[in-house]
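For reference, the structure discussed in these notes is given below.
The values are calculated or read from the model by the stated rules, or taken from the named source; none is laboratory data. Values in this document were obtained by computation on a predicted structure and should not be read as measured data. Every residue, glycine among them, receives a Cβ derived from its backbone with ideal geometry; neighbour counts consider all protein chains shown.
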Amino acid sequence: MKNYYQPEIETAPYEKIREIQNEKIVKQVKYVYGNVPYYRNLMEKKGVTPDDIKSVDDIKKLPFLSKDDLREAYPYGLLGTDLKNIVRIHSTSGTTGKRVVAFYTQHDIDLWEDCCARAIVAAGGSDEDICQVCYGYGLFTGGSGLHGGSHKVGCMTLPMSSGNTDRQIQFMMDLGSTIICCTPSYAAYIGETLAEKGYKPSDNKLKAGIFGAEPWTEEMRQEIEKSLGIKAYDIYGLTETSGPGVAFECEEQTGMHINEDHFYAEIIDPDTGEVLPEGSKGELVFTSLDKEGFPLLRYRTKDICILSREKCSCGRTFVKMTKPLGRSDDMMIIRGVNVFPSQIETVLLKEGYTPNYQIVVDRVNNTDTFDIYVECPAELFSDKVSEMQTHEKNLNTAMRSMLGIGPKIHLVAPKTIERSEGKAVRVIDKRKLH
Ligand code: DLL
């Protein structure tokens, strides 16, 4: 049986979705032009007025917004309504520069929670479920977003927040949680801890996990599915567009459906800003279609992905996005070679290592250094130096063939790389500090 949270829209014919988008974009552009002087200035500079926007086809005439604009307009410059109508804020965990602060009216929260509810139902959730939310609560959007969605679906919601893994496991086992929501790296850690405590995957009642907020590979999905005995679903979003639930995976697990009645997606060439045709790889750009508090038009996410309108067996008609294949800004250039952390993770898991690793890039005597610290699984561990060197050499060869560049591999003892309860810190690029 197929389950949808809002079937009439989730399975609407493409023409119907387009009609809704066309209606909404005309209103949203007028709203932003009238309420957000910062964006009105950008439109005026480009010589565009709301009258030029008659359908989503005209979106390409609008100026882009980037994180730099958000910094410049910080904190209130992109607000779409009076502060008295705002009921909440969320914010990014950004460690450099000013944080992004997003504003929500009650209407925005309602629509956001609907998006998260769609994701939970797509993962098989219903009011019969017990949903353990272990994304961080607070300024981060993960906890509140999935929490609100879980309420809407009618699940019994466990507002655990992240961390305190022993307590997570105790609640999970005692209350019989059936759905877990957290970052994939935390899911992997919970799986590992369960095994250490002597639990088999079949000992828990979990059936599904909703994981996102950071890049993760197909190999990592398989590992989590095995260790927790669940089906693992991807969920995508960013603070600027409200949070998780901009896009979510269905049972086909072949990309995430974008909630197109609320967000219009484009793929652009990150260098030229040119809109690329469906199927092209490029930077994802979102236009909110019905936001009040923080209505962003043509926001550049820096996430690199591909959109596809291929028919999905789940019956949903929303366009699908691939997992972010990297970010136009987290791509590392090491000795002139483009390297994405996700490629490194793919090699590690293929070679039988765990996703506990750290990449350290530095520059010594004008030459980039590239080191990867990886925990050695117990079955590969040996106290013979020569054996360990052989493992390191093999891993170096596998990396070189994937990346075109060979890192120095350091196998370290199990459990020595710090575990994450939120987003894992995978890359330490010391070059940026110079
Ligand atoms: O991470 C919102 C979120 C919370 C999404 C919980 C999913 C689940 P930010 O902290 O603003 O918001 O970070 C947004 O994280 O631009 C992507 O680069 C990355 N990201 C989010 N979801 C995924 C995903 C939240 N499923 C940034 N896969 C985005 C890969 C993701 N990267």
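In a residue-by-residue description of the stretch 385-408, the property of being at pLDDT 95 or above, in a strand (DSSP E or B) and of a type outside the set (S, T, N, Q) applies to at least one position.
Within the group G191, G125, which residue is crowded, with 18+ Cβ neighbours inside 10 Å and part of a loop (DSSP other than H, G, I, E, B)?
On the way: G191 fails: part of a loop (DSSP other than H, G, I, E, B).
Sole residue among the options that is crowded, with 18+ Cβ neighbours inside 10 Å and part of a loop (DSSP other than H, G, I, E, B): G125.
Residues that are aliphatic (A, V, I, L, M) and over 29 Å from K320 (Cβ atoms) occur in the stretch 43-57; there is at least one. Restricting attention to the stretch 161-212, the residues that are among the hydroxyl-bearing types (S, T, Y), within 13 Å of the ligand (Cβ to nearest atom) and in contact (Cβ under 8 Å) with a residue 60 or more places away in the chain total 4.
Contact annotation: residue pairs with Cβ atoms under 6 Å, 6 or more positions apart or on different chains, pairing a residue in the stretch 57-86 that is aromatic (F, W, Y) with a partner that is outside any loop (DSSP other than H, G, I, E, B), are F64/R300. Scanning the stretch 223-242 for residues being in a strand (DSSP E or B) and either more than 6 Å from the ligand (Cβ to nearest atom) or outside the structural domain of C115 (by TED's automatic domain parsing) (or both) gives a total of 3. Exactly one residue among S185, S161, S202 is in contact with a Gly (Cβ under 6 Å, 6 or more places away or on another chain), among the small types (G, A, S), in a helix (DSSP H, G or I) and not assigned by TED's automatic domain parsing to the domain that holds V425, and that residue is S202. Taking the stretch 133-159 as the range and being away from the ligand (no atom under 14 Å from the Cβ) and in contact with a strand residue (DSSP E or B) (Cβ under 7 Å, 6 or more places away or on another chain) as the test, the residues that pass are H151, C155, M156, T157, L158, P159. Is the stretch 47-54 home to any residue that is in contact with a strand residue (DSSP E or B) (Cβ under 7 Å, 6 or more places away or on another chain) and either within 21 Å of Y299 (Cβ to Cβ) or in a loop (DSSP other than H, G, I, E, B) (or both)? No, the stretch 47-54 contains no residue that is in contact with a strand residue (DSSP E or B) (Cβ under 7 Å, 6 or more places away or on another chain) and either within 21 Å of Y299 (Cβ to Cβ) or in a loop (DSSP other than H, G, I, E, B) (or both).
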